[in-house]
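Student: Take a look at this one; I'll ask things after.
The values are calculated or read from the model by the stated rules, or taken from the named source; none is laboratory data. These numbers come from a predicted model, not from an experiment. Cβ: placed from backbone, ideal geometry, glycine included. Neighbour counts: every protein chain shown.
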């Protein structure tokens, strides 16, 4: 089966400046894909190209089987789009705005009211449907923005930074809303907030300076980039002796003392090969010597670490 | 067609959610009525007869039109560009030409409403004298065509910028130049130069309408003017894609 979104070697230049270079990815039906990258990485540019707002300098892309360059009108019928700034007509009421959008997006007259009622309901706008959009809070405007993207029941939903500028409660609500919209719909959302991706998405494309630098599920990405397992332990006892004993444990690669003070309990970080779980042997070693084991836990690498690792890789490679 | 109608209805309604639409209609009607009142009350104008009075009235109304049209058209595209809503509109399954036409027709309908209100003036005139109705209607047809041309220019200038003020000033400037070239035609000595400037003037075809002459040539002049300006607007909206 064909993928719902196929992007091949997309490149866009603004004058001489390359906004995106040779971007390729695929999104399958039902996926929620997170488009992750620092600011000015090319996320919005890619989304604007996919929604046929601007053409690419070179490359190909297909959305729901339509070529976005040769058949932009048909492509747009399959896409619901919410730009980053959530541009809405502030002088219209929520209902009349949605009605207008349903009309220009080609929802047949008979189904129009049904569709509008259903998106008002699913976006939690029932109590605000007669309010002017200009009078709504940022969180509710975001909902209206998502409602208009959904009104023609598109296969693909493209959301550009849907949670930016909201307060924590609103962010949670919008995330829940987006998660609920998945299932039979394909969602592409861009963000520079990492936990958001881990929370909502089942696929991540990380881009930086206009290039795709990683593409996988959040779990796999974490797995792939974790070349070693790390454990943190806190022990009360003679620090130098503990350090030596810990180094003797088979499979251990590195022992790092985190606090130099003698009186306080010692904090160590142990690094071992990925295959070996050293937690039990470390605990056994400490107990055998009669020291007090206060804490022992494994440190998992967060998506944040991966992101930083990926986007700063080249700079690290330069010898100082 | 359905899409054009949707845009048209939305734009027309948005004229009347803010005071702008009411203000423009009221200003146009009040200024014209004031002028009509002055003309009717001056003995020397009344001595000229109803036909010449109507002609003078319509010609003066053109000047008011010159001031009112930029205010009507400035927001059409500039506002959407400023607020970013153009991005959502342009990612809907709409042709650029449908958007341009819908917006243009909305402004044109507002103008038609203003003009219908002003038709009360010849009615009042017919109560006190016996004007030649075909000539008056021909004058109003010319006025409507002139207004359509002005509005198409306003639509175009609005698509060029994000600032409504610049759009309005630009529209006013271009129309004023196209108006003034008519005066140069009157000043010119050589007949060839006179013809060139007369051809450039947006006002000269209108003048023959006020005399009761409806010629295909003049109708086509305005229609092609509108067509050309709207074509430029579509190209200007699409210009984002060239960069």
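Student: Answer yes if at least one residue in region B:133-151 is in a helix (DSSP H, G or I), more than 14 Å from every other protein chain (Cβ to nearest Cβ) and without any contact (Cβ under 8 Å) to a residue 12 or more places away in the chain, and no otherwise.
Tutor: Yes, some residue in region B:133-151 is in a helix (DSSP H, G or I), more than 14 Å from every other protein chain (Cβ to nearest Cβ) and without any contact (Cβ under 8 Å) to a residue 12 or more places away in the chain.
Student: Find the helices (runs of 4 or more DSSP H) located wholly in region A:252-320 whose residues include 2 or more that are at pLDDT 75 or above and farther than 29 Å from residue A:219 by Cα, and list them.
Tutor: Correct list: A:279-288.
Student: Return yes or no: is residue A:66 under 18 Å from residue A:25 (Cβ atoms), more than 10 Å from chain B (Cβ to nearest Cβ) and either touching a residue at least 24 places away in the same chain (Cβ under 8 Å) or touching a helix residue (DSSP H, G or I) at 6+ places or on another chain (Cβ under 8 Å) (or both)?
Tutor: It is true that residue A:66 is under 18 Å from residue A:25 (Cβ atoms), more than 10 Å from chain B (Cβ to nearest Cβ) and either touching a residue at least 24 places away in the same chain (Cβ under 8 Å) or touching a helix residue (DSSP H, G or I) at 6+ places or on another chain (Cβ under 8 Å) (or both).
Student: Only one of B:101, B:110 is touching a residue at least 40 places away in the same chain (Cβ under 8 Å) and either more than 14 Å from every other protein chain (Cβ to nearest Cβ) or over 30 Å from residue A:78 (Cα atoms) (or both). Can you tell me which?
Tutor: It is B:110.
Student: Scanning region A:130-157 for residues that are farther than 30 Å from residue A:74 by Cα and part of a helix (DSSP H, G or I), which turns out nearest to the other protein chains (Cβ to nearest Cβ)?
Tutor: Filtering region A:130-157 for residues that are farther than 30 Å from residue A:74 by Cα and part of a helix (DSSP H, G or I), the one nearest to the other protein chains (Cβ to nearest Cβ) comes out as A:134.
Student: Working carefully through the options B:116, B:88, find the one that is out of contact with any helix residue (DSSP H, G or I) (no Cβ under 7 Å at 6 or more places or on another chain) and crowded, with 22+ Cβ neighbours inside 10 Å.
Tutor: The unique qualifying residue is B:88.
Student: Residue check: is residue A:159 within 11 Å of residue A:80 (Cα to Cα), within 17 Å of the chain's Cα centre (by Cα) and touching a residue at least 40 places away in the same chain (Cβ under 8 Å)?
Tutor: Criteria met by residue A:159.
Student: Which number in (1) away from every other protein chain (no Cβ under 14 Å); (2) surrounded by fewer than 16 Cβ atoms within 10 Å (Cβ to Cβ); (3) closer than 18 Å to residue B:17 by Cβ marks the one condition that residue A:90 misses?
Tutor: If we test residue A:90 against (1) away from every other protein chain (no Cβ under 14 Å); (2) surrounded by fewer than 16 Cβ atoms within 10 Å (Cβ to Cβ); (3) closer than 18 Å to residue B:17 by Cβ, just (1) comes out false.
Student: Taking region A:180-199 on its own, how many of its residues are more than 10 Å from residue A:35 (Cβ to Cβ) and modelled with pLDDT of 85 or more?
Tutor: Selection size over region A:180-199: 3.
Student: Further, regarding this structure: Go through (1) within 26 Å of residue B:135 (Cβ to Cβ); (2) touching a residue at least 60 places away in the same chain (Cβ under 8 Å); (3) crowded, with 19+ Cβ neighbours inside 10 Å for residue B:229 and report which single condition fails.
Tutor: (1)
Student: What is the one condition in (1) in a strand (DSSP E or B); (2) buried (at least 18 other Cβ atoms within 10 Å of the Cβ) that residue A:44 does not satisfy?
Tutor: The failed condition is (1).
Student: Just one of the numbered conditions (1) more than 8 Å from chain B (Cβ to nearest Cβ); (2) crowded, with 18+ Cβ neighbours inside 10 Å; (3) within 25 Å of the chain's Cα centre (by Cα) is not true of residue A:72; which one?
Tutor: (3)
Student: Turning to a different aspect of this structure: Is one or more of the residues making up region B:64-78 assigned to a helix (DSSP H, G or I) and over 24 Å from the mean Cα position of the chain (by Cα)?
Tutor: So far as region B:64-78 goes, no, none of its residues is assigned to a helix (DSSP H, G or I) and over 24 Å from the mean Cα position of the chain (by Cα).
Student: Would you be able to say whether some residue in region B:41-53 is in a helix (DSSP H, G or I), buried (at least 19 other Cβ atoms within 10 Å of the Cβ), more than 14 Å from chain A (Cβ to nearest Cβ) and within 19 Å of the chain's Cα centre (by Cα)?
Tutor: no
Student: Checking residue A:84 against (1) surrounded by fewer than 15 Cβ atoms within 10 Å (Cβ to Cβ); (2) touching a strand residue (DSSP E or B) at 6+ places or on another chain (Cβ under 6 Å); (3) part of a loop (DSSP other than H, G, I, E, B), only one condition comes out false. Which one?
Tutor: (1)
Student: Which residue pairs have Cβ atoms under 7 Å apart, sit 6 or more places apart or on different chains, and have a first residue in region A:38-60 that is more than 14 Å from chain B (Cβ to nearest Cβ) and a second that is part of a helix (DSSP H, G or I)?
Tutor: From residues that are more than 14 Å from chain B (Cβ to nearest Cβ), the pairs are A:38/A:311.
Student: How many of the residues making up region B:55-79 are surrounded by fewer than 23 Cβ atoms within 10 Å (Cβ to Cβ) and within 14 Å of another protein chain (Cβ to nearest Cβ)?
Tutor: Residues in region B:55-79 being surrounded by fewer than 23 Cβ atoms within 10 Å (Cβ to Cβ) and within 14 Å of another protein chain (Cβ to nearest Cβ): 2 in total.
Student: Six or more apart or on different chains, Cβ under 7 Å: which pairs go from a residue in region B:81-95 that's more than 7 Å from chain A (Cβ to nearest Cβ) and within 17 Å of residue B:167 (Cα to Cα) to one that's at pLDDT 90 or above and part of a loop (DSSP other than H, G, I, E, B)? Could you list them?
Tutor: B:81/B:162; B:82/B:162
Student: For the structure I just gave you, tell me whether residue B:16 is away from chain A (no Cβ under 14 Å), part of a helix (DSSP H, G or I) and in contact with a helix residue (DSSP H, G or I) (Cβ under 8 Å, 6 or more places away or on another chain).
Tutor: no
Student: Turning to a different aspect of this structure: Pick out the one residue from A:93, A:122 that is in contact with a strand residue (DSSP E or B) (Cβ under 7 Å, 6 or more places away or on another chain) and touching a residue at least 12 places away in the same chain (Cβ under 8 Å).
Tutor: Exactly one residue qualifies, and that residue is A:93.
Student: Let me ask something else about it. If I filter region A:101-114 down to residues being free of Cβ contacts under 8 Å to residues at least 40 places away in the same chain and closer than 18 Å to residue A:73 by Cβ, which single residue comes out as farthest from the other protein chains (Cβ to nearest Cβ)?
Tutor: The extreme case among them is A:108.
Student: Go through A:23, A:79 for me and flag whichever is within 14 Å of chain B (Cβ to nearest Cβ) and crowded, with 23+ Cβ neighbours inside 10 Å.
Tutor: Just one listed residue meets the conditions, A:79.
Student: Residues of region A:93-108 being modelled with pLDDT of 90 or more and either surrounded by fewer than 17 Cβ atoms within 10 Å (Cβ to Cβ) or part of a helix (DSSP H, G or I) (or both), which ones?
Tutor: Correct list: A:94, A:95, A:96, A:97, A:98, A:99, A:100, A:101, A:102, A:103, A:104, A:108.
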